[in-house]
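For reference, the structure discussed in these notes is given below.
The values are calculated or read from the model by the stated rules, or taken from the named source; none is laboratory data. Values in this document were obtained by computation on a predicted structure and should not be read as measured data. FYI the Cβ positions are ideal-geometry reconstructions off the backbone, even for glycines, and counts take in every protein chain you see.
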Amino acid sequence: MNVSRRIFIKNGGLAIASVGLAPVLGPAFLRQAVFGAAPTSQQKKKTLICCFQRGAADGLSIVVPHGDPDLYKLRSDIAIPRPLAGKKDTTALDLDGFFGLHPAMESFLPIYKSGHLAIVHAAGSPDATRSHFDAQDYMESGTPGNKSVADGWMSRAVLACPEDRAKIASASPFRAVALGGGMPRILQGDAGALAIPDLRSFGIADNSGGKKPKRQARRGDGMTDAAMAAATRPTTIASGFETLYDDAVGDVLHGTGKESFEAIKTLRSINPGAYVPANGAQYPNTGFGRSLQQIAQLIKSDVGVEVAFAEMGGWDTHVNQGAATGQLALRLGEFSKGIAALYQDLGDRMSDVVILTMSEFGRTARQNGNAGTDHGHATCFFALGGDINGGKVHGKWPGLAPEQLNENRDLALTTDFRAVFGEVALRHLGAQGLERVFPGYKGTAADFRGIVRRA
Amino acid sequence: MEISPLHRKLRLAAAVSLSGLVLYATAAATVRAAAPPAKKGTPKAAVKKTAAAKPTSQTNFTDNTPLSEQQKIVHLLNRTAFGPRPGDVERVKQMGVAAYIDEQLHPERISDAAISAKLAPLTILQMPSDELTQGYYDALKRGKELKVLQAKIERQTKAQGAAGGDTMEMTPGGVAAMTEETPEKKRQKARAALQNMTPDERSRAMELMQGSRGKAAYTGTPQLIIAKTIRAVESPRQLQEVMVDFWTNHFNIDARKNACRVYKVSDDRDVIQKYTLGNFRDLLGASAKSPAMLVYLDNAQSTGEQTPDPAMGERLAFQKNRLKKMAERGNADAKERLARLEEMQGKIKKKKPAGLNENYAREIMELHTLGVDGGYTQKDVTEVARCLTGWTVERATGSFKFDPRRHDNGEKIVLGQTIPAGGGIEDGEKVLDILASSPATMRHVSYQLCQRLVADVPPTSLVNKCVTTWKSTRGDIREVVRTILTAPEFNSRVAYRQKIKSPFEYAVSSARAVGANYVLTASQSPQARPRQRQGAAMAAGMIGKGGLSYTGNASVQYLPGQVAVMGQPLFQYQPPTGYPEDSRKWVSSGALISRLNFSLALTRGRLGDLDLTGMQDSLLNGGQGVPPTQYVSRLADTLLSGEVSPATRATLLKEAKALTETSGAVASASAVVPVGTDAETAQKLVALVLGSPEFQRR
């Protein structure tokens, strides 16, 4: 195993500390790294995975400020109760005496305790918009308030990485990938990202010439074995399509076609249908779970992934959002189990991977008339990985008293999302120049919250 | 995390080190820059390979080589229709472009009998809203009662210890959402439960199961999807269909949300289709009162602060006083009545405070009318939400209802205009008037119409013309569309084949190009048995509980499922924005592969809902004995109206030769090659044309 020794020499002290604190929970890769991994000469390529919670996730019920008495005044029906021993299913899971995780997110707790999961609270976009569309757009372009920037910040982050690495990576169509659907704004741009709805069916399927559909045994996820096998098998017609798009020089579709066919060839060799997650990781059987599993597979196949993106919807909880159980709890269960499975599945590789979560804005601090919450302002983000200075909640807590709220209704913002994304892009991914990744951002490295470990 | 001094004590008690404290730096307040008028159309979409994807520049609209007459017709059919069917170009040529535009602008003058006959089996779409709604809620109620009965039996069985783990496993609420129950499992559970019931319980359960066709029987979405597909593929009223598609997207509703699966039927029929080429204020008003919209964007639940009715208070006080006096005099009855009255008052006070929901108020301004830069503030959002309180749905009938008890009857100020107190339902009507007549609305909606019909970044001159027409006709959509279709900008060189087809446009235009017709594959009757109903949902590209996950799950054996896999599940898009009008958003590798697979599935005859007799006759059999060069030319003429790049033509020719060679025939440009006898070769060539870069554009 090619564990990056450099990283662990850098972080050795902290790593030992965290292993010492929670020896059982410390991931294998850390112990290995600290207690004698083979040295390697070459710097391992870093990977960043972003998970977007579309619809504005309610930060106040995700990482619950149970130490803030105002919370319970604002949310008589939907606040997550203060942590109570023996009631871990119905009360917040305490992190530090002030904050607690939503009880549906139990799978995050061991990762937090092992020091590889950090939280930034009261974070988000400084722009005041409460439009999902605009706020997502800004968070993905990385330029709040400015719509004229055409590309996404993840795409720019890849391009801002040192030239030699970019060159190596440019050979791979998988350098920047989005799983689960179309091309997200965050990856649009010159990095030539690839959007793949599902790895297993990514190919030209020309199996049964001239035959009418016939009944086939369906797998749990609606894919047939035959369809999956056929999708990645080389076909003569595929070469015809390939030539068509090869020759369409000058058309926007030319580049798209070229990447598609390169990717198909690579995928054929890694056989996505036969993937078994490592370390007993169990992904939720949902679109989001599948996307994360396939990201893990791509990373483990060494096809050159630098940045990857997955998204999950359903966070727009205007009505009956629930508390310890209910609508939001279900979403959070899926979300955290998916990410925890990814963390587990990647195992040692997490030393070079950071998983970052985000949502366009938070929700109103007060519950609305329908036991739900309306569009708000700041929320909370998670960051996981070997490079992450975890086991703590970063940022500054603004408080929930009426005069402390944003416009007397939402959690106020104390951390610009660019300070979080920027820190990860620069200090983990190795991008150079904050201004290149976030044009127009007035902040500097001094605004970083220290979520990435430093030598 | 740094916390305010107020919380520090608590924080220290937690024995967590405060090291690593980071000083809070005020985030620079970012001023929102002025942006283009339409949000969906902001020229921000970075398309991969920017060099190749130069966004349409506006300057080119003034001088360019004019389109040929043939190109104008093809262009018209690509924009006002879902692409040409065989013979369409000839027909327009004969009647003339102007006459065709006029005909399409008046769909009511075009006979639609064949389509109506074809849609007749889709009975849910013709059911009155109240019947549909009652059926839906009855089914829900029956389902609930049955579940309660089953749960009771399960508890009893468990208590007796008679049941092993194999009889019934009721999933605790919620867990089921993660791993969906198969219909088979559900039936097993029901059967097991039946056996453990008392005779009375069993007969009631049987009754419930017999009567119950489940809420799926009243879910309109599969039929909506199929009807939309049939009309798009075959209706002669093509502009009507294109515009219905536009407004469906503009007033987007995700039919998976609660009762929207039922209410969307009337929204589609009585709002979108009805006013598609009508007056914008009428359309907006109908949408605002549409139960589907009221539920989708939560206005149905929005409740305003009550201004207490002073007369009511006085009456109550008088009554209480009177009863008190009577009770003091020893009247036992009065004492009891007083207690009841006080209890009632207490209950009213304890009731939850009024709840304002701003969701619809925001989206109606941002998406439906003014546009995100239309000059409204958060305060305006709240005021509009207040005006619209009480606009809700009457559950018994599934129709719009104004509930004065929910309405905030105070004074409001919307976009600078005062709406006096006590207006009742008129508050909302005034808001709609203000929004529909705002210049920002005219510009925003015109911009989007031009995006749909002309170019991703439409010329400002054209948008201006639309606004002028809008003003002079007070929002007559038909006339605004006429302005677009008859403007010189419409026929500009830059607009020609500029738009990338959406997945729906791509699938439908493919079917039309090869002359395919839609075939109903499954019974769409509400009386159908569950298995048949599942078939109906599958034919609509839906699987499971009337829902559809965005990828992998739709049935690719049918056209709508293919559309879903390509990234555009119909009536099932969660964000209120609708799909982007900027067509460059549809360009991505994954999407392209799905399109190529679609072209193969179609030509291979793997789409069970398409009748390909037309293609068989004209394209496949007709190719018999035709040399590859001629056959390729014929395909290019039929499917691409002759508009094919030299590179594509060369590739097609090469493939034609290679394919015929591999199939054993000897090919050369001069020799007569029996292409037609080799159906597979012909199919592949058609697939290549439909999958070509040229066919991705309209």
Would you check which residues across the range A:370-379 are touching a helix residue (DSSP H, G or I) at 6+ places or on another chain (Cβ under 6 Å) and facing chain B (nearest Cβ under 10 Å) and list them? A:370
Being of a type in the set (A, V, I, L, M), at pLDDT 95 or above and assigned to a loop (DSSP other than H, G, I, E, B) is the filter here, so list the residues in the range B:78-134 that pass it. B:81, B:110
Write out, first by first residue and then by second, each pair whose Cβ atoms fall under 7 Å of each other, whose residues are 6+ apart or on separate chains, and whose first residue, in the range A:316-334, is within 16 Å of residue A:359 (Cα to Cα) while the second is modelled with pLDDT of 90 or more and of a type in the set (Val, Ile, Thr). A:317/A:373; A:328/A:317; A:332/A:62; A:334/A:286
Of everything in the range A:127-155, what is facing chain B (nearest Cβ under 8 Å) and in contact with a Leu (Cβ under 6 Å, 6 or more places away or on another chain)? Give them in sequence order. A:152, A:155
Can you find a residue in the range A:322-344 that is touching a Leu at 6+ places or on another chain (Cβ under 6 Å) and more than 21 Å from residue A:113 (Cβ to Cβ)? yes
Every listed condition ((1) within 12 Å of another protein chain (Cβ to nearest Cβ); (2) touching a Lys or Arg at 6+ places or on another chain (Cβ under 9 Å)) holds for residue A:392 save (2)
When the range B:76-90 is checked residue by residue, the ones that are surrounded by 23 or more Cβ atoms within 10 Å (Cβ to Cβ) and on the phi > 0 side of the Ramachandran plot are B:83
Selection from the range A:428-450 of residues that are under 19 Å from the mean Cα position of the chain (by Cα) and under 19 Å from residue A:186 (Cβ atoms): A:428, A:429, A:430, A:431, A:437, A:438
What residue, of B:596, B:592, B:607, is buried (at least 22 other Cβ atoms within 10 Å of the Cβ), of a type outside the set (Gly, Ala, Ser) and farther than 18 Å from residue B:697 by Cα? B:607
Counting only residues that are more than 7 Å from chain B (Cβ to nearest Cβ), over 18 Å from the mean Cα position of the chain (by Cα) and modelled with pLDDT of 80 or more, how many does the range A:161-198 have? 4
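Every residue, every condition in (1) more than 30 Å from residue B:582 (Cβ to Cβ); (2) at pLDDT 65 or above; (3) of a type outside the set (Asp, Glu), yes or no:
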| position | (1), (2), (3) |
| --- | --- |
| B:160 | yes, no, yes |
| B:168 | yes, no, yes |
| B:184 | yes, yes, no |
| B:197 | yes, yes, yes |
| B:200 | yes, yes, no |
| B:212 | yes, no, yes |
| B:244 | no, yes, yes |
| B:250 | no, yes, yes |
Looking only at the range B:600-641, how many residues end up being touching a Ser or Thr at 6+ places or on another chain (Cβ under 7 Å), hydrophobic (A, V, I, L, M, F, W, C) and within 13 Å of another protein chain (Cβ to nearest Cβ)? 1
Which of the residues that make up the range A:427-437 are within 14 Å of chain B (Cβ to nearest Cβ) and either surrounded by 21 or more Cβ atoms within 10 Å (Cβ to Cβ) or of a type in the set (Val, Ile, Thr) (or both)? A:434
Going through the range A:247-258 in order, the residues found to be within 7 Å of another protein chain (Cβ to nearest Cβ) and either closer than 17 Å to residue B:583 by Cβ or at pLDDT 80 or above (or both) are A:247, A:248, A:251, A:252, A:253, A:254, A:255, A:256, A:257
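Take the conditions touching a residue at least 40 places away in the same chain (Cβ under 8 Å) and surrounded by fewer than 24 Cβ atoms within 10 Å (Cβ to Cβ) and apply them to residue B:468. Does it pass?
On the way: touching a residue at least 40 places away in the same chain (Cβ under 8 Å): no; surrounded by fewer than 24 Cβ atoms within 10 Å (Cβ to Cβ): yes.
Criteria not met by residue B:468.
Closer than 28 Å to residue A:65 by Cβ, within 14 Å of another protein chain (Cβ to nearest Cβ), touching a residue at least 12 places away in the same chain (Cβ under 8 Å) and surrounded by fewer than 23 Cβ atoms within 10 Å (Cβ to Cβ): is that true of residue A:341 in this structure?
On the way: closer than 28 Å to residue A:65 by Cβ: yes; within 14 Å of another protein chain (Cβ to nearest Cβ): yes; touching a residue at least 12 places away in the same chain (Cβ under 8 Å): yes; surrounded by fewer than 23 Cβ atoms within 10 Å (Cβ to Cβ): yes.
Yes: the conditions hold for residue A:341.
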Those residues of the range B:229-246 which are of a type in the set (D, E, K, R) and not in a helix (DSSP H, G or I) amount to B:237
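So, in the range A:259-283, of the ones that are closer than 20 Å to residue A:194 by Cβ and among the β-branched types (Val, Ile, Thr), which residue ends up farthest from the other protein chains (Cβ to nearest Cβ)? Quick ask: steps written out before the conclusion?
If we filter the range A:259-283 for residues that are closer than 20 Å to residue A:194 by Cβ, which is where we start, we get A:259-273, A:275.
If we keep only those that are among the β-branched types (Val, Ile, Thr) as well, we get A:264, A:266, A:270.
Details: A:264: 7, A:266: 12, A:270: 16 Å.
This residue is A:270.
Residue-wise test of (1) touching a strand residue (DSSP E or B) at 6+ places or on another chain (Cβ under 9 Å); (2) in a loop (DSSP other than H, G, I, E, B); (3) in contact (Cβ under 8 Å) with a residue 24 or more places away in the chain; (4) surrounded by 24 or more Cβ atoms within 10 Å (Cβ to Cβ).
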residue	(1), (2), (3), (4)
A:348	no, no, yes, no
A:358	yes, no, yes, yes
A:372	yes, yes, yes, yes
A:425	yes, no, yes, yes
A:439	no, yes, yes, no
A:446	no, no, no, no
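Residue A:416 - would you say it is more than 17 Å from the chain's Cα centre (by Cα), within 13 Å of chain B (Cβ to nearest Cβ) and touching a residue at least 40 places away in the same chain (Cβ under 8 Å)? Spell out how you get there, then give the answer.
Numbers: more than 17 Å from the chain's Cα centre (by Cα): yes; within 13 Å of chain B (Cβ to nearest Cβ): yes; touching a residue at least 40 places away in the same chain (Cβ under 8 Å): yes.
Judged against the criteria, residue A:416 is a match.
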Which one is surrounded by the most Cβ atoms within 10 Å (Cβ to Cβ), of the residues in the range A:314-338 that are away from chain B (no Cβ under 11 Å) and under 15 Å from the mean Cα position of the chain (by Cα)? A:335
Kindly evaluate residue A:306 against the criterion of being within 11 Å of another protein chain (Cβ to nearest Cβ) and either among the basic types (Lys, Arg) or under 18 Å from the mean Cα position of the chain (by Cα) (or both). no
